[in-house]
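Asks: Here's a structure for you.
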Amino acid sequence: MCGFSSGVEMDLDWSIRVRSYADLPRGGDLGLVSPLNDGALAALIDVTGHGLAAYSVAQTARNTILGNTFLQPDKLLEELHSTLWGTVGAAISLARIHYGFLDFVGVGNVRVLVGNRSLAAQPGIVGKRMRTPKLIRATFLRDTWLMMHTDGMSRPKSIPNGNAVTAANSLIDELASDYDDAGVLLLRWRNTV
């Protein structure tokens, strides 16, 4: 949870759930939420391939993100492209969350929804081939879900009831493929109690 104060007391309700392919101990899908003074940075990574090799590339991407949270998502994606150059590459979506809006950028097949609006990632593979990232700004109000999911999970018709943890668990349990790593990140602003 991350507190936000600017006349409105809000917390982020968020969860990440990842299941590795064929119950391998590690895989290439990885998510993170990094709380910031004015909101948070959210990312979901889907490295090409499976197992420990993919996990290693995902950890490199994670460390790059955590070391550069001050960058806007488009600049951070360029940094990731440089860092992952020469690896198998990855699909990556990034969102800088503020109360009222978010800035999004993505490359590859990590799908992103804000409420019912789909945010389009650019084609390509971070670390292999990528166009200059284009930042998308979207409205992001209280109780609206931000959902990111990898191609190892089918797109849900709706977000299950409950908090982010129970909803993310339900989505992976019901919609994850048995033939790929699967990851989902759910996040929304909630009023503090």
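The values are calculated or read from the model by the stated rules, or taken from the named source; none is laboratory data. Since the structure is predicted, the reported quantities are computational estimates derived from the model, not experimental observations. Cβ: placed from backbone, ideal geometry, glycine included. Neighbour counts: every protein chain shown.
Asks: So, A54, is that one crowded, with 16+ Cβ neighbours inside 10 Å, touching a helix residue (DSSP H, G or I) at 6+ places or on another chain (Cβ under 6 Å) and within 26 Å of G124 (Cα to Cα) or not?
Replies: no
Asks: Given the structure, is G86 part of a strand (DSSP E or B), over 17 Å from S154 (Cα atoms) and among the small types (G, A, S)?
Replies: Judged against the criteria, G86 is not a match.
Asks: Same structure again: Scan segment 121-134 residue by residue and report those that are aliphatic (A, V, I, L, M) and either exposed (fewer than 12 other Cβ atoms within 10 Å of the Cβ) or over 15 Å from the mean Cα position of the chain (by Cα) (or both).
Replies: Within segment 121-134, I125, M130 meet the criteria.
Asks: Let me ask you something else. Do we have L187 as in contact (Cβ under 8 Å) with a residue 12 or more places away in the chain, of a type outside the set (V, I, T), more than 18 Å from A61 (Cα to Cα) and part of a strand (DSSP E or B) here?
Replies: Considered against the rule, which asks whether it is in contact (Cβ under 8 Å) with a residue 12 or more places away in the chain, of a type outside the set (V, I, T), more than 18 Å from A61 (Cα to Cα) and part of a strand (DSSP E or B), L187 comes out as yes.
Asks: For segment 114-126, check the following and say yes or no: at least one residue is more than 21 Å from I16 (Cα to Cα) and assigned to a loop (DSSP other than H, G, I, E, B).
Replies: The answer is yes; a qualifying residue exists.
Asks: Okay, moving on. Tell me the residue from M153, M148 that is farther than 11 Å from I92 by Cα and crowded, with 17+ Cβ neighbours inside 10 Å, please.
Replies: The conditions single out M153.
Asks: Report yes if S170 is surrounded by 17 or more Cβ atoms within 10 Å (Cβ to Cβ) and either of a type outside the set (A, V, I, L, M) or assigned to a loop (DSSP other than H, G, I, E, B) (or both), otherwise no.
Replies: yes
Asks: Of the residues in segment 7-40, how many are more than 24 Å from E174 (Cβ to Cβ) and touching a helix residue (DSSP H, G or I) at 6+ places or on another chain (Cβ under 7 Å)?
Replies: Residues that pass the stated criteria total 1.
Asks: Given (1) modelled with pLDDT of 95 or more; (2) within 29 Å of N161 (Cβ to Cβ), where does G100 come up short, assuming only one miss?
Replies: Against the list (1) modelled with pLDDT of 95 or more; (2) within 29 Å of N161 (Cβ to Cβ), G100 comes up short only on (1).
Asks: Give the number of residues within segment 23-51 that are surrounded by fewer than 23 Cβ atoms within 10 Å (Cβ to Cβ) and either among the acidic types (D, E) or closer than 14 Å to Y179 by Cα (or both).
Replies: Counting residues in segment 23-51 that are surrounded by fewer than 23 Cβ atoms within 10 Å (Cβ to Cβ) and either among the acidic types (D, E) or closer than 14 Å to Y179 by Cα (or both) gives 7.
Asks: Go through segment 83-123 and give me each residue that's farther than 25 Å from Q59 by Cα and touching a residue at least 40 places away in the same chain (Cβ under 8 Å).
Replies: If the condition is that a residue be farther than 25 Å from Q59 by Cα and touching a residue at least 40 places away in the same chain (Cβ under 8 Å), then H98, Y99, G100 are the ones that fit.
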